[in-house]
1. Could you pull out every one of the strands (runs of 3 or more DSSP E) wholly within segment 54-135 that has 1 or more residues that are hydroxyl-bearing (Ser, Thr, Tyr) and more than 19 Å from Ala154 (Cα to Cα)?
2. Restricting attention to segment 137-149, and to residues there that are of a type outside the set (A, V, I, L, M, F, W, C) and modelled with pLDDT of 95 or more, which single residue is surrounded by the fewest Cβ atoms within 10 Å (Cβ to Cβ)?
3. Please work out if Thr115 is of a type outside the set (A, V, I, L, M, F, W, C) and buried (at least 16 other Cβ atoms within 10 Å of the Cβ).
4. Quick check on my filter: what residues within segment 89-139 are touching a residue at least 60 places away in the same chain (Cβ under 8 Å) and either among the aliphatic types (A, V, I, L, M) or touching a Lys or Arg at 6+ places or on another chain (Cβ under 6 Å) (or both)?
5. Looking at segment 80-114, which of its residues are among the aliphatic types (A, V, I, L, M) and in contact with a Ser or Thr (Cβ under 7 Å, 6 or more places away or on another chain)?
6. Check Arg161, Arg96 and return the single one that is surrounded by fewer than 16 Cβ atoms within 10 Å (Cβ to Cβ) and not aromatic (Phe, Trp, Tyr).
7. Taking the criterion of being closer than 18 Å to Glu62 by Cα and within 14 Å of the chain's Cα centre (by Cα), would at least one residue in segment 147-154 satisfy it?
Amino acid sequence: MLATILIAATLAQNSSPVAETPSPLEQFKALKGVWDADIDGDAKPDTTIEYRIVGAGSAVVETLFGGTDHEMVTVYHMNGKELMCTHYCAAGNQPRLVAKRISKDSVVFEMKDITNLANDKATHMHAATFTFNADGTVRAVWQSMSDGKPGHTADFRMKRRN
């Protein structure tokens, strides 16, 4: 019996700790701060996007077009093991998206459901893909749906403001 206890204690001391997989929310927490965003492809900033960590670290708030009539907020959070976001859109609806594919370089969100959609043909954000580039820049591509078909694509090429 004593030998079994000693062997178990020795194995416990010599085993390396199991590395926990970081939460996918960590990629969004790393965005904390203000980013300049090019939305028309001319490599010049057109707007800023701010990321704040809230709720004792349980959520990340993204503010787009802050202080304007078109200000929009997206809140990223975990729901159990799922990364989700709710986009509070200038269109007056609130699509909830869930991450369907996650890697160290990208997160692909697809719509789960939506509130305040006027009708099935109303314009709304339906999907988003975030690409985390090796040079520290981030690209966020949001795909809308309109009249039941893919609509406008909003392409934000973001660079951290210094």
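The values are calculated or read from the model by the stated rules, or taken from the named source; none is laboratory data. None of the values given here were measured: they were computed from a predicted structure. Positions of Cβ are generated from backbone atoms using ideal geometry, with glycine treated the same way; all protein chains shown enter the neighbour counts.
1. It comes to 106-115.
2. Among them, the one singled out is Thr137.
3. In short, no.
4. Listed by number, the residues that qualify are Ala99, Ile102, Val107, Val138.
5. Ala91, Val108
6. Going through Arg161, Arg96 in turn, the sole match is Arg161.
7. no
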